[in-house]
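Shown next, in structure tokens, is the structure this report addresses.
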Amino acid sequence: MLLPRLTKVLVGAVSVAVATMAQLNLPNSGFWGQHRAEQYLAVGGLVAMAVAEVLGSVVDHVQMPRVRQFEQELRAVLSAGISQLAVSSVADWRDIGVSAYHARGVPWLRRLVLVDSLRLCSGPKLGSRWRPGRGVIGTAYEQEDLLAVDWESYFKSAESGGPNSWRARSDLDRFGLSWGELMRTKALVGVAACPVWSEGGKLTGVVCVEAPADLSAAGVGAIIRDIAIAVGDLGTPPASWWNYVGRRVA
């Protein structure tokens, strides 16, 4: 998460600054003789950071089998989802993309971060981070319900109105997007997103499907809900997942 990283950077910067100034006798040779407690705290901060880095590496190593198992299970779920959608004649299996997002951060700084995605051919990028209420992904999360949009038609209508007309729309009607963010979605055709619920009924993320087809049919929605349930059954990604270089982040 962002907060622990910022805390680590702040503690490190202050500790290094204090230790360096003490070693160089700045601002003068007598100053640090009266501030020994601060020096001990600075050294303690540096030691704590070093220990945290070592422990983090150990945890990553220990969790690697679980990370790879989670990766295999998640990609199996995404692959099966693509297969089911292709069988239902949504689109050619090579043109269907399925992504899983996990909610991270404290409630007032919640972010939907890409866990992994699968698409067998090149296609539009959905983005690796969304806020609740932004985009189809964030809106589905906020509304806690399946949301399917004919984005091709939606984009053409919005583009024809121009940026001023776009800014005059309500935040909900704009999916929380700025004009620039909208322009980056031109390649999308059909987009559908469904909330992911844990086995305990907790809202944990979103599954998103994009394809060059209409995704609003009831049968398609049922398949997307099944994918979301399967992702929810996998549970929360291991802590070391977010440091795993093998995961697809775009």
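Some notes on this structure:
- Residue order, fewest to most beta carbons within 10 Å, for Val207, Val196: Val196, Val207
- Computed 3J(HN,Hα) for segment 186-197, one whole-Hz value per residue from the Karplus formula 6.51 cos²θ - 1.76 cosθ + 1.60 where θ = phi - 60°, is 4, 6, 6, 10, x, 9, 9, 9, 9, x, 9, 10, glycine and proline marked x.
- Protection proxy ranking for 118-126, 131-139, using the average of other Cβ atoms within 10 Å per residue and placing the highest first: 131-139, 118-126.
- Cβ-defined net charge surrounding Ala158, 13 Å radius [Lys, Arg +1; Asp, Glu -1]: +1
- Ala168 versus Glu181: modelled label distance in nm, points set 7 Å from Cα along the beta carbon direction: 2.2
- Estimated vicinal HN-Hα couplings, Hz - segment 123-129 in sequence order (Karplus 6.51, -1.76, 1.60; Gly, Pro = x): x, x, 9, 8, x, 9, 9
- Where GluC sites (Glu not before Pro) fall in DSSP loop in segment 103-192, at most 14 other Cβ within 10 Å: Glu144
Values in this text are rule-based calculations from the coordinates and carry no lab data. As the structure is a computational prediction, the values presented were derived from the model and not from experiment. A quick note on method: Cβ atoms are made from the backbone with ideal geometry, for glycine too, and the neighbour counts reach across all protein chains shown.
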